[in-house]
Every structure is written in C-alpha cells, then in structure tokens.
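Okay, structure first, notes after.
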C-alpha cells in the first residue's frame, strides 16, 4: 500500500516524454539563464510527479544551498570562516544523516511536515500530494552529496560565487535527480553557460546510451531480479543455489544501477552535457583498488576529493586512516547501519592489504593472462562476499554467511 | 571494453549528421509500427489462480498485458450475458498462495443461475483485487456500454465509503489520459497523469504494439463531481490520535499504518484462520472511518453510479459483501459497518430507476454458513452464499422482464 520504492523507470519514462517538448525549447532559447530556468522547471516538475512535497522540499533546499554558498564565499577567508563552513556542512548533512539513523520515523515526520507546508502554499497542490503514496525523500542522498561538493569547492576556492539560478539548475538537473550519478558542478557548468550545443553526434550517442541503459535495466536486470530471493531462501536452498543466487544478484545489482547511470548520462548527452562515467566494468577489475575506481565512480571521486586527500591519503603515516575513513564515507552514504560499518571495514581492509602489497612490490601472482584472469576472479569473489552486508541487516547477514559453507542451508 | 567503446563500435566512425539521427529515428518508428501490425492480438489472460470454464471471459486488461482485447459479448436469445464486477471478496484469497480448492463465487453463482434458466449463462468477469470505488465506477461505464443482460457488482464494505483509497492508482496511469481531461477535472488530470502516460496513450492509438488504449477507462471525464475535492473532509481525531495528522486524510492514514506496522512486530503473526493480524487491524481501522456523509467522495460517486445505471437501462444488481460476525469484537468498526449498510439501504430507497437493486444485508443464516479469514472480510468457505445470490439475482431478473 505504501510505495517505498518509487519506480525509477517511471521517472525516466516521464523524462523521455518531457524531453520531446524540452528539446526544441532548449534549442530555441537563446539566453543561457532561460535554458537554465527551463531545466530547473523540468526538474521541479519531475519531482512534482513523484510527489509535490518533494518538489517543494528540493526547491527550498537548493535555494538554501545557494544562500549558504554565498555565506561561505564571503566568509571563507575571514575570522570564523572555518566555523561557519563546518556549521553549514552540518546543516546540509542533518536531513540525510537523520534519515539514515532514524529511518521510518524520519520519513513519516518529513512527509507530514512537507505536506503541511504545501497545505499553506496551495490547497489543490496539497490535495494532489495527499494522493501520492511515496513517503521517502527520494534522491536525498544524491542531492546532499552534490550540495556538499558545491560548498566544499566554494570554501577551498575552486568555485566562485554562483547566482541562485545556477545553483538551482545544478540542484534540479533532471537526469540525475533519482539515481545519480553524483555530478560535480563543473560537469554541467560549461554547457549551462554557453549556447545550446545540440549536435548530431551527441544526440546519437545519447539515444544509444539511453537504449543501452534501458536494455540493462528492463531486459537483463529484470531477468535476474529474482536472484534477490537468495537472501530470504538460503535456509531451504542447496549450497550451489546459494552461491549461484549470490553471483547472479551481484550482476542484477550492477546491471540495474549502471543501467540507470547509462540512461542519465545518455539523456544529458542528448542535451549536450557530457557527464563523467559512473561505472567502468567493475567486475573485471584486477584488484580491489581498481574495483573502487570503476564502481559508482561519482561517489568514489567525491570521497577521494573530500575525504581521502584531505585526510592524508597520499602520506605514508596517515594513508591507512584515510583509506578507512574514505570507505566509511562510501559505506555510510548508503545507510548508517552496523552492516554498512562492516561493509566499509571489510573493503577498507581489502584496500589496505592491497596498498601494503603494492608498496612493497609483492606480487603474489606472476604476470600473464591466466594470472590476470585469476586476479579478476579473486577480486570479484572478494566483492561478491560483501554483498550480503550491502543488502541485509548485520544479524541476518551473519546468519547468511554460514550457508555459503553449507551450514544452515539444505546441503 | 567500456560502454562508450561499445557504442562507438556500433555507431562506427563515419560523420554523424542530423540525417543519421533522422535515419535512426525513422527506422525505429517503422520497426515499432511493423511490429504492431504483425504481432497478433489475444484475449486477456485470466488470473491464473481463479478457476474458469467455457463461457467465462476475463474482461480486465491487466497492466503489462499488451496486445490484448476483451472479447465481444455473445448475442442471441439463448444466452444470458452476465457481467460481474468485483474484487478480492469473491474468491478464497488464500487459495492463491497455498491451497488447491480454488473457489470463484461468480462462476458458482452463474452455474446455479443456469439451473433455473433455459439459457446458457456467459460470465464476463471484471475481477480486480484491491478494486476501489473509482475503479468500480470506470469499469461499470465500460460494462454498461456493452449492454449485457445483467451486471452484478460486489461492493466491499470496508472500502466502499472510504476516502483514503479511492482508486488503485496504477489502473488509472497509462490509460486514456486524454479522456480524463475536462475543465472540471483538471486537478485530477494533473494529479494522476504524467508526460509518459500522455505519450504512450497517443502513440498507442496509432501504434498499437506500444500499449493498447484501455476502453474500460473511457468517459471518466463524464463524471459530474470533483473527486479530489471530496477527499478533503473536516479533520476529526479519533481517541489517541494526534490532531496534527489524524487518520482522516489518506496520506496520514497510510503513514499511520506503516508506522504502527513497523512498531508492532507481532502484527506479522498469523491468526488461527491464516490471515495476518496486520490485515485485520487495517480493515478494522478502515471500517471505523467509513465516511457516509453526502459530501463524501463515495457518496458523490455512488450518486454518479446511480445516475449512470438509470440512464443506461441495463439491469444492475449491487450487493454488499458479507462481513464476519466477529466484527462485533470491534465496536467502532461494527458501528462503521452499520453506517455503511444504512447508507446502502438509503441508496436502494432513493434509487433513480427500477433497473437496479442495492442489497445491503445478507440474512444472518446465510452469513453464518460462511467461513471468514482472519481479517473478517475475505472468505475461506463461501457456504451457500452462491445459492442465495443466485436466488436474489433470479428474483431481480424476473422483475426486469
């Protein structure tokens, strides 16, 4: 009855249909600010289709972020600038962290509060919102990290003062609202400032990329979606079924997530925006560091820029701490649970071992195709074994793991 | 190989011009049109958990069942065409999951009707679980337009006078969105339609492989009242509820169900009849909040239904599905049920035509023969409800001759 999982496909179908109107308008509008406004309005409308309260919340959030950007810009070099900066970061993080910690009670309070705000704005809008069943702040994690990135870059001087419409354009950029990637402002800045750069090449590439994404999500991932049953049926399943289910699930997860990224990147390219890649064949990585450089790359890049480097990832004394905190940032971005703590620790351990072996130039395996294939296999297995932590609470994951060696399964 | 490399490999390296874009799009459209021409249509698939027999036809186009067309009603004096609009109260729900003795009340009643008629009874089933009043109304519009000999409508007492859940939203999505729009219904139009629903609706009209227009949703725009407007009722907090978010509004209602569901792990338990306590609790909550005031969504919609049936001249037999006598264990819900029954009685007394009947109460002896599930609404064993309904429908049909 309650829709916790708004269908991302519906979002992209709406974006597709909307683009038929949006594209000629975008091409015809001459002033850059008008095109930015068009994109912002499109993003707000797509949020309205999910639930009017989300539209109101995100528009308000990005107006506030624009104000914060101003404050940081003008206070960064002044007394108490650093304190202002940290206070603002905390403010931006609070909704997301509260959601991750409190879960459903937060969702309910968030929904009630935003719904009541809408009642004050417009009764018809409120009535429409009443009929929407989605009760989670969809896209909040992605929006929060995009806002943080913008503010951090302003503080360190990499971004100048941005007008409100530029911040709103970045915040409401339609293709990335639902499932990312966590784009940087620079990825959309150039195109938003110049004239519409619609090209046949970009159009064709974008269309094919969207088609690729749709095939991944609607054909391949859809066919593998049943594999999620392994996390509930492992007790009655034979050993090989549990392993097979786990392997298939990793592919479902990748195809689904990377498919949505393909669609978002493709849509952006149709309009002339060239977003950075979000996945690069992660399951064919030869080591765990390579894996994290090719899996959800926009999140990894965010963590590298804003955690790994500032925490001394390139200094020998602090590198391991930096690795651990980077992995924790990535893990806890998904959810603040014990399972995600374990997930972050597990991968940090893998990365630290890999870093140690690399620094000491210890090659366990010789060079060569067969050895590389084995490296890929070992890395994939290492990643696969962390998936139960990603999708199950810790207590259930701890029940699940013994079934991988036949304890508790039907074997 | 990166995705980008694969795309480059497919597209090749020749100059990519706007002509290329046009060519790709043209071939895509042509392919879709050709696929639409050569993909055969088929009849809607019946729910596989419901029993069937020759002469029983599934009329509901389910979401995702493309290329389907409901069958035409059979003609001739030797056939009694009976349409039956209902939800989950007409079959033994749990059989869907773990039982083999599947029972479908409309078929059993049609069989009994045949015993009393010389004519063969064809059953055209519009069965849809979670059917709400707006769904019933739109389906009735479709059934009436086919001019059957009789339409039977099962009304679920829990949801009938309820403003919290007025339609199963996905049934409205992607379904003739153009017909939803009138100047009087712009709010509903904005509220439930999306760019993709418009796109696929219009494309589907010309390229049927995309999605078939769903005729049973037609003419919803003819409804005379503002559905959403009637959803806003004065806020009235029940005891123990926060006045900030009482259960009188749909959103708060569902939020509350979700919250208390989460906070009561024991609600996942099974009752002795096999139905979950959670379902029972929700249905009791729903019945307590039956809103039968004349301005309510349900009351205004039922007035529209009354008018529709009277104008059509098609005989329509409405009956309120029975509820377990155990409802008395929940006094507030029992009060709600009584309000619903009185409201349906009033519909019968004030109906606009003699071609309809509203049956609000089923005799206690008949109700006692029924074995209900743990949620008090869904039925495990139907007792002689089929025979009783066949008798009443027969009586009604005789008055229509």
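Specify the angular offset, from 0 to 90 degrees and rounded to the nearest 10, of the alpha carbon long axis of helix A:8-28 from the longest principal axis of the alpha carbons in chain A.
40
Rank these for me by crowding, A:327, A:297, going from fewest to most other beta carbons within 10 Å.
Ascending Cβ contact count within 10 Å gives the list A:297, A:327.
Give me a single rounded figure for A:202-209: the average over its residues of other chain Cβ atoms within 10 Å of their Cβ.
Per residue, the average neighbour count from other chains is 5.
Can you tell me the relative contact order of region A:8-194? Whole percent, Cα pairs under 8 Å, sequence separation 6 or more.
Value for region A:8-194: 36 percent.
Considering only A:238, A:184, A:359, give the residue with the highest GNM mean-square fluctuation for chain A, with springs between Cα atoms whenever their separation is below 10 Å.
A:359
Treating the angle as unsigned and between 0 and 90°, give the value, to the nearest 10°, between the Cα long axis of helix A:239-270 and the longest Cα principal axis of chain A.
30
Which shape class, rounded, prolate or oblate, goes with region A:201-270 when its Cα gyration tensor gives a ≥ b ≥ c as root eigenvalues, a/c under 1.5 marks rounded, and past that a/b bigger than b/c marks prolate? Please report the intermediate quantities before stating the final value.
Working: a/c = 4.51, a/b = 4.23, b/c = 1.07.
Taking the square roots of the gyration eigenvalues as a ≥ b ≥ c, region A:201-270 is prolate.
Quick one: compute the contact order of chain A, relative version, from alpha carbon pairs under 8 angstrom and 6+ residues apart, as a percent.
Relative contact order of chain A: 17 percent.
When Cβ neighbours within 10 Å are restricted to other protein chains, what is their mean count per residue of peptide B:19-27?
What the average comes to for B:19-27 is 3.
Please compute, for the alpha-carbon atoms of region B:309-352, the extent along each of the three principal axes and give them in descending order in Å.
Between the extreme Cα coordinates on each principal axis of region B:309-352 lie 42, 17, 10 Å.
Could you grab the relative contact order for region A:201-270? Cα pairs under 8 Å, six or more apart, rounded to a whole percent.
On the way: 78 pairs, mean separation 42.9, N = 70.
Over region A:201-270, the number comes to 61 percent.
Pick from A:202, A:368, A:180: which is most flexible by mean-square fluctuation in a GNM of chain A where alpha carbon atoms under 10 Å apart are linked?
Of the options given, A:368 has the highest mean-square fluctuation.
Would you list A:311, A:55, B:82 from fewest to most Cβ contacts within 10 Å?
Ordered by Cβ neighbours within 10 Å, fewest first: A:311, A:55, B:82.
Quick check of the Kirkwood formula: for region A:282-397, what is the inverse mean of 1/r over all pairs of different Cα atoms, in Å?
For region A:282-397, the Kirkwood estimate is 14.7 Å.
How far is helix A:338-359 tilted off the main Cα axis of chain A, in degrees rounded to 10, range 0 to 90?
Helix A:338-359 sits roughly 70 degrees off the main axis of chain A.
At 1.567 mPa s and 4 °C, plugging the Kirkwood radius over alpha-carbon pairs of region A:1-123 into Stokes-Einstein gives what diffusion coefficient in µm²/s? Present the calculation step by step, with values, prior to reporting the outcome.
Values: Rh = 17.2 Å.
Estimated diffusion coefficient is 75 µm²/s.
So how do B:135, A:193 line up by other beta-carbon neighbours within 10 Å, fewest first? Write out the running numbers ahead of the final one.
Numbers: B:135 22, A:193 12.
With the sparsest Cβ surroundings first, the list reads A:193, B:135.
For chain A, modelled as a Gaussian network with Cα springs under 10 Å, which listed residue fluctuates most, A:128, A:362, A:71?
Of A:128, A:362, A:71, the most mobile in the Gaussian network model is A:362.
Values quoted throughout were computed directly from the atomic coordinates according to the rules given, and no laboratory measurement underlies them. Note that the coordinates shown come from a computational prediction; the quantities given were computed from them, not determined experimentally. Here the Cβ is made from the backbone with ideal geometry for all residues, glycine too, and neighbour counts use every protein chain on show.
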